[in-house]
Amino acid sequence: MSRTLEPTLLSLLPTYSQDLPQPLLELASSLLAQSRHNAGALRAEEEVARTYACAHIACERLKITLDLPPIQPRPPVPPRIYKRLYTHLNNVLPANAVGRSGRVRTPSSKLRELGTLDSAQRIPSRGTPTKEESLAKFRSPTTLRVNSTPTKSSSKPPPIPAKRKAGGSMSVLPAWIRPTIQFMCKELDEESIGRIVLAGMQTIVTPHGKRTKDEWVNGHLTSLLAAVYFLVSSQIYVLEQGKDLDDPQYARMRKSILNVMGRAQENVSVVGMDEDELWIGWSDIKSRDVDGAVAKVVENNWQEEEWFAGIKHIIKAKNTSKDGEDVEIDDGDEGQVSGKLHIQRGDTMLQSKWDMTDKKREEYREWKDEMMRRIEEFEHSQTSTIDIHATA
């Protein structure tokens, strides 16, 4: 028996508080041995999870017989790879494990051999139920016969739930955009720009909270994301370095983005969503696709809108921040894209972010005045619109 089988089984059954049942250990060991015979040639990334998948299959096959607690798989490889490996092994491995004696043994026969299924534990025999007894549990109270007269239910059947749209019920953005932005920011060590990239995609793809009718945008979502990320990242580079991008730097930045996006499908997943549904709108892209998308954004002046102006706040925060520690926080937008908050220390109650200095008060007043000005402009425009309609 493999030494890693027992800890692997325990990780799959974290709430199991007893010693692992011997039949489970034997089945997992048997499946692992047979997998090397029936599926000897696996890819390198799949071979890492061979033992884990065999243990997982053993748990699934014996969960009812042994009354196992809920199985909580956490495979050592990305979900996309593990799903393919698990399906393959589950198909090639026989339904019944072969014991040491060479004969096929069911779990019940193993328990009897081990002496764990004695007469006191055997399921008592039951008489064959009649037709009425068999159908009784499937009849609802509204269909029972009273005085030999059938009654019909007046209640309507429950409505069929609507099919979930790609992107989920809380967003008209495709589901893969938010976690992919988070993955890109983490891999490229630029987590502070996640909010701006997301805001750019929302502005272009879902203006005013509704999906755009622009055919080019809807048909080039992946290259558009790469272009938006590139424009934000390059603008920060220009502002920090005080010079424009040269051709080598442009190529390096574009290559890094393409490299990370090429690995997104193997590393990004959304709990409760099938992969086919998750990646609706995704397409593989190359350098020319990114260049074309950047040109399209510039041509339509999408980078001239308010979301792009948020870059200056990032630069300002970097220039005015004190020495300290970066801590990731949620941006409050459905918990998908993280930002960075600069605080003083993690082991003190007095954090610099809570200090109300004169400078912060002045910044607050400026922000408040700007917000009030925008509100007044909006109210004035709404009033003007109403007056025009009334006159007409």
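Structural remarks
- Flag for Arg195 being at pLDDT below 90, buried (at least 21 other Cβ atoms within 10 Å of the Cβ) and part of a helix (DSSP H, G or I): yes
- Test: residue in segment 176-184 that is under 15 Å from Gly281 (Cβ atoms), over 20 Å from the mean Cα position of the chain (by Cα), among the polar types (S, T, N, Q) and not in a loop (DSSP other than H, G, I, E, B): no
- Residues (at pLDDT 90 or above and of a type in the set (Lys, Arg)) located in segment 263-316: Arg263, Lys286, Arg288, Lys296
- Failed criterion for Gln34 (all others in (1) closer than 25 Å to Ser269 by Cβ; (2) at pLDDT 85 or above hold): (1)
- Of the residues screened, His56 is not one that is within 16 Å of Asn91 (Cα to Cα), in a helix (DSSP H, G or I) and more than 27 Å from the chain's Cα centre (by Cα).
- In segment 43-65, the qualifying residues are those that are farther than 14 Å from Ser11 by Cα and touching a Leu at 6+ places or on another chain (Cβ under 6 Å), and the one that is modelled with the lowest pLDDT is Glu46.
- Of all the residues in segment 207-245, those that are outside any loop (DSSP other than H, G, I, E, B), within 24 Å of the chain's Cα centre (by Cα) and exposed (fewer than 13 other Cβ atoms within 10 Å of the Cβ) number 2.
- Look at (1) surrounded by 13 or more Cβ atoms within 10 Å (Cβ to Cβ); (2) at pLDDT below 90 and you find that Pro248 fails only one, number (1).
- Matching residues, segment 364-384, being at pLDDT 80 or above and either loosely packed, with under 10 Cβ neighbours inside 10 Å or within 20 Å of His313 (Cα to Cα) (or both): Arg365, Glu366, Trp367, Lys368, Asp369, Glu370, Met371, Met372, Arg373, Arg374
- Residue satisfying all of: in segment 15-51; in contact (Cβ under 8 Å) with a residue 40 or more places away in the chain and in contact with a Pro (Cβ under 8 Å, 6 or more places away or on another chain); nearest to Thr65 (Cα to Cα) among these: Pro23
- Selection status of Gln22, over 27 Å from the mean Cα position of the chain (by Cα) and surrounded by fewer than 17 Cβ atoms within 10 Å (Cβ to Cβ): yes
- Pairs with Cβ under 6 Å, 6+ apart, first in segment 81-95 and under 22 Å from Arg263 (Cβ atoms), second charged (D, E, K, R): Ile81/Glu45; Leu85/Glu46
- Any chance Val290 is within 27 Å of Pro207 (Cα to Cα), in contact with a helix residue (DSSP H, G or I) (Cβ under 7 Å, 6 or more places away or on another chain), β-branched (Val, Ile, Thr) and in a loop (DSSP other than H, G, I, E, B): no
- Tally, over segment 32-53, of residues that are outside any helix (DSSP H, G or I) and exposed (fewer than 15 other Cβ atoms within 10 Å of the Cβ): 3
- Lone unmet requirement of (1) in contact (Cβ under 8 Å) with a residue 40 or more places away in the chain; (2) part of a helix (DSSP H, G or I) for Val270: (2)
The values are calculated or read from the model by the stated rules, or taken from the named source; none is laboratory data. Remember, it's a predicted structure, so these values are computed and weren't measured experimentally. Cβ coordinates were reconstructed from backbone atoms using ideal geometry, including for glycine residues, and neighbour counts include every protein chain displayed.
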